[in-house]
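Throughout, read-outs are computed from the coordinates displayed, never taken from laboratory work. This one's a predicted model, so the numbers in the text were calculated from it and none came from an experiment. No Cβ is skipped: glycine too gets one built from the backbone with ideal geometry, and neighbour counts run over all protein chains shown.
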Amino acid sequence: MKPAWLKGLIEEKFFEQCGIHQNPRKNEKNIFCLNCCRSFCPHCLPSHSPSHPLLQVRRYVYQDVIRLDDLEKLIDCCYIQPYTINSAKVIFLNQRAQSRSCKGSGNTCFTCDRILQEPFNFCSLSCKVDHMTCQGEDLSSILYRFDVSDFTISQFEVLRMDASDEAQMTPDSFLENPILEEYRDSSHSSYGMDNSAIFKEQEAMKRKGKGSFLPGIMLSLSNRRKGAPHRSPLS
């Protein structure tokens, strides 16, 4: 059986608008109480019990992620592939939707067949929990007795990660589509070469223009100043 906090964490819908604080900004529910087993927004913190352990959920490309440092204090995260966002390792909370099946194309997730880096077997926390549940394994073997002081409000930071952080998120030496990445790299390099060739051509034209006759005439005419007017002598 899943403990109440783990079941609630996986099934909870995060980053929905808080029903109590509808008018303030940043009212999305991204805080999970391990005692109450429910989520709430940052504006609910002052009225929440300070003794309850809290877990922060972050957002990346419409997917919920949790810092590995926080999650591994609660549960064994071995064989779950981590990702790096802003120099911090994170774990996906639930499996991500796929447009096609990747089964049989290398190392894949035991639950959803997503391509993974060696030696990982799961792409998210829910995939590992679901696999152990289907295999009849005891979840208590991966659960830890955590310290409440590690999940207090004083150590809590309100931070949301969204699509703007995409450039800073990279798998640990893993590419979901190496062919696409290779194409992007080649296109970038060719683009740089084209710009360099154009620049060299422009420089050559400039050097050539300095020694030509016509540009010299135009330059002298443009720099020529008009002198004082000459009047005919009086008769």
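Things to note:
- In this structure, the amide hydrogen of residue 15, modeled 1.01 Å from its nitrogen in the peptide plane, lies closer than 5 angstrom to those of 29, 30, counting only residues at least 5 positions away or on a different chain.
- In this structure, the amide hydrogen of residue 85, modeled 1.01 Å from its nitrogen in the peptide plane, lies closer than 5 angstrom to those of 90, counting only residues at least 5 positions away or on a different chain.
- Computed lengthening from residue 63 to residue 23, 0.36 nm per intervening residue step minus Cα-Cα distance: 12.0 nm
- For residue 36 and residue 137, the difference between the fully extended length at 0.36 nm per residue and the C-alpha to C-alpha distance is 33.7 nm.
- Two-site FRET efficiency, residue 145 against residue 16, from Cβ-Cβ distance with R₀ of 35 Å, rounded to 0.05: 0.70
- Net charge over other residues, Cβ less than 11 angstrom from the Cβ of residue 126 (K, R count +1; D, E count -1): +1
- Along the range 46-61 the Karplus relation, 6.51 cos²θ - 1.76 cosθ + 1.60 evaluated at θ = phi - 60°, assigns HN-Hα couplings of x, 8, 8, 5, x, 8, 7, x, 10, 10, 8, 10, 10, 10, 9, 6 Hz to successive residues, with x for each Gly and Pro.
- Long-range HN-HN contacts of residue 60 with modeled amide H, under 5 Å: 65
- Exceeding the 21 Å Cα-Cα cut-off - candidates 7/128; 26/128; 13/128: 26/128
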